[in-house]
Amino acid sequence: MRTCLRRRAGAVLARLAAAAAAFFVFAGACPASQPPGHPGTAASRAVAGLTPAVPGGDAAGRPASASEAAPGLVPWPRSVVLGSGGVEVGPTGRIVAEDPSLLALARVLAEEIYFSTGVRLPAAGGAAGQGDIALRINPAVQAEEGYRATAGPAGIVIEARTYRGAAWGTATLVEAVDAADGRVRIPRMTVEDEPAARYRGLLVDVARHWHPVEALRPLIRMCRLYKINYLQLHLNDQESFTFPSRALAELHSAAKGQRRTYTPEELKDLVRFADERGVTLVPELEGPGHHSGALRTLWGRKGTSCLDMASEKTYAGLDALIGEICETFASSPYVHIGADECDLKGVGQSDEEKAFMAAHGIQGAEGLYNYYIVRADGIVRKHGKQTICWEGFRGDGGGGVAIPKDIIVMPFESAYNPADRLVARGYAVINTAWKPLYVVGARKWPARTIYENWNTWLWEHHINTRIHIQLKRTDPVLGAQMCAWEQPAEAELPSLRERIHAMSERIWNPDAGKTWADFAARAADADRRLDRVLGLVEVRAEGLLGGERGGFFYFWEPVTVRMSAPPIGAIRYTLDGTDPSAGSPAYAGPFTLTKESTHPEKLFYDRRTGRHLAQGNVVRVKARIFDSAGMPLGDAVTVRQYWHKDPAELAKEDAEAKN
């Protein structure tokens, strides 16, 4: 299904690539039946155990701010008790890792607080004192990812059993932090929290479109803020092989002279960056189908579109490759082996394959495909990891080959092996249902659909509407994962940030008992916080013709542009399409865009026809923050695309689109 979609979506993705560029350029480069506890149900409200904020002042008699009364926490914690007022970090306050293992996390938190408030707090080890923020390992916190966050008379303390639990506690702190008079403040509160699901994932397809590591860091920061603990990288497909193998250097890919393979140093640094933020990178080595031309040349079988599954050369190569992958992604407990949508036409027909199959008791092409899964799983386990694969095999195997029950399966279509049948046969599963967890160009579902109509145990499909599989909470569903396929790097953050927080809350705390209106307000606060954590400039224009459409904002009369950013440096911007530099104009106040600010440009390139679909007068406002030394801050350049267009023409296009 993913292959078929790619063929249908070429033009859509071309439009999306242009649309996505309207937001970021990375630096350096309908109600369903629900189980008990669905948001808004009486049952879920009864078990939430939440205490509302108490209006009033802090110890110094200052009134509680609105943010102190209701911090925009997403996902909403299991238990929140909000008091009145806030707790300030002292004038010489620090972020103190009382356990040496938490020092890296203290540095991460210090950076995030600085970007959020403009206040620098040093990170240190040792014993926390009065006025410090203390990060503490406490075995009494029983849940593996649980934490306790307190801001009260005893100070500000994050306690957890593990590094990851402490990471989630500090993420909660970042969503609640504020500053007044140059002092960091946290609302007076006690939070006790742990996730309901152990696997909360995001997949990014880095094989079909090249994603520089600079494009992945903002996604890791987003995952951390919303407590997504696994980021899966789809490392290879028909377009490229992005993993930098030393043993099999011939696999390295290039496309039209552009680099399409990471360096070992880039990936190891990215793993470290993610680990420090509580996020684990999960590598996916796709096979025996969906592989690059280089991989097929090395291990392919003539007359088929699959790897040669009846050759020990293939498995020896897999052993070397998976060993390297496990070494690079050392912190991941998992390796994903793909194993979906394998075209078995012509498989098992050669004399060599028949001899191999007879020697191993394998019947038919499907049996050989199942054998590949078993061998790949054995190699993964040999290297100390657990195997994940896509829904692809049928039943629990066949053709003389049984699929081990310790393989975790991700059902996405519920066509090859539906989720209910998998759990009935004893497999643990992770929900990656097409609807509403796939993000593929224009085909994606709004946050409200995810929040109100979906739950961790529900599988649906966007085409086959008869698929509606509602499992029980007692079934072995480990969690869920949003999957972003076939998107250019520039599209990822804009498209994912609009919906991943909704999935996060539904799988972290399915009994939150919150309405959509409540969630939407908190999510808006959290999204603004994400902007600050990323160091992004907010760009707003007054006098536009409605909202954003197709990646552009439209105007006819002159519009006024305003910018704001975290108080950490100067905003510098450009209007000529180049990225801002230390020498670009500094933003000093609102400015005006007119038709004279634009230039004519061909837009929306269609790969199928080789032609552009439109032409217009556009201007791109690009902005970034720079420190006093002229060094850029944050992960990305903010970009807004403005198109000068006659309102009558725009109205006509809107009417045609509706029809």
Report summary line: Filtering segment 622-633 down to residues that are open to solvent by less than 50 Å² (accessible area, probe 1.4 Å) and under 26 Å from the mean Cα position of the chain (by Cα) yields K622, A623, R624, I625, L633
Query raised in the report: When only residues in segment 573-588 that are under 28 Å from the mean Cα position of the chain (by Cα) and open to solvent by 50 Å² or more (accessible area, probe 1.4 Å) count, which is nearest to F626 (Cα to Cα)?
Result: D579
Report summary line: Within segment 215-243, restricting to residues that are among the hydroxyl-bearing types (S, T, Y) and under 23 Å from P195 (Cβ atoms), the one that is least open to solvent (accessible area, probe 1.4 Å) is Y226
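State which residue is surrounded by the most Cβ atoms within 10 Å (Cβ to Cβ) when the search covers only segment 557-570 and only residues that are under 17 Å from R640 (Cβ atoms) and hydrophobic (A, V, I, L, M, F, W, C).
Only one residue tops the list, namely A565.
Table: residues versus (1) at pLDDT 95 or above; (2) open to solvent by 60 Å² or more (accessible area, probe 1.4 Å).
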residue	(1), (2)
R448	yes, yes
T456	yes, no
I463	no, yes
V477	yes, no
A480	yes, no
Query raised in the report: Does segment 246-259 contain at least one residue that is crowded, with 24+ Cβ neighbours inside 10 Å, out of contact with any Phe, Trp or Tyr (no Cβ under 8 Å at 6 or more places or on another chain) and either modelled with pLDDT under 95 or of a type outside the set (V, I, T) (or both)?
Result: no
Requested in this report: Answer yes or no: is there a residue in segment 75-83 that is in contact with a helix residue (DSSP H, G or I) (Cβ under 7 Å, 6 or more places away or on another chain), aromatic (F, W, Y) and not in a helix (DSSP H, G or I).
Outcome: yes
Query raised in the report: Inside segment 178-224, can you point out the residues that are of a type in the set (D, E) and under 30 Å from T474 (Cβ atoms)?
Result: E192, D193, E194
Query raised in the report: Does A491 qualify as being closer than 22 Å to L219 by Cα and open to solvent by less than 10 Å² (accessible area, probe 1.4 Å)?
Result: yes
Query raised in the report: Does A180 satisfy being open to solvent by 20 Å² or more (accessible area, probe 1.4 Å) and small (G, A, S)?
Result: yes
Query raised in the report: Looking at segment 393-437, which of the residues that are assigned to a loop (DSSP other than H, G, I, E, B) and among the hydrophobic types (A, V, I, L, M, F, W, C) is most open to solvent (accessible area, probe 1.4 Å)?
Result: A415
Report summary line: The number of residues in segment 498-519 that are among the β-branched types (V, I, T) and surrounded by fewer than 22 Cβ atoms within 10 Å (Cβ to Cβ) is 1
Requested in this report: Collect the residues in segment 354-384 that are in contact with a Ser or Thr (Cβ under 7 Å, 6 or more places away or on another chain) and assigned to a loop (DSSP other than H, G, I, E, B), keeping them in residue-number order.
Outcome: none
Requested in this report: State which residue is surrounded by the fewest Cβ atoms within 10 Å (Cβ to Cβ) when the search covers only segment 115-138 and only residues that are within 30 Å of the chain's Cα centre (by Cα) and in a loop (DSSP other than H, G, I, E, B).
Outcome: R120
Query raised in the report: Within the set of pairs 6 or more residues apart or between chains, which connect a residue that is surrounded by fewer than 18 Cβ atoms within 10 Å (Cβ to Cβ) inside segment 530-546 to a residue that is among the acidic types (D, E) with Cβ atoms less than 8 Å apart?
Result: E538/D531; G543/E557
Requested in this report: Answer with yes or no whether F604 is in contact with a helix residue (DSSP H, G or I) (Cβ under 9 Å, 6 or more places away or on another chain) and on the phi > 0 side of the Ramachandran plot.
Outcome: yes
Query - Scan of segment 465-475 for residues that are at pLDDT 95 or above, open to solvent by less than 50 Å² (accessible area, probe 1.4 Å) and not in a strand (DSSP E or B), ordered by number - result: L471, D475
Query raised in the report: If you scan segment 367-391, which residues turn out to be open to solvent by 10 Å² or more (accessible area, probe 1.4 Å) and closer than 29 Å to Q349 by Cα?
Result: Y369, Y371, V374, R375, G378, I379
Requested in this report: Determine which member of the set E352, E366, E284, E312 is closer than 21 Å to D406 by Cα, over 30 Å from the mean Cα position of the chain (by Cα) and charged (D, E, K, R).
Outcome: E366
Query raised in the report: Would you say E112 is surrounded by 21 or more Cβ atoms within 10 Å (Cβ to Cβ), in a strand (DSSP E or B) and of a type in the set (D, E)?
Result: no
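The values are calculated or read from the model by the stated rules, or taken from the named source; none is laboratory data. Predicted model, so just to flag it, every value in this text is computed and none were measured. Cβ: placed from backbone, ideal geometry, glycine included. Neighbour counts: every protein chain shown. To get the accessible areas, we keep the full protein, side chains included, count just its heavy atoms, and leave off ligands, DNA and RNA. Shrake-Rupley method; radii C 1.70, N 1.55, O 1.52, S 1.80 Å.
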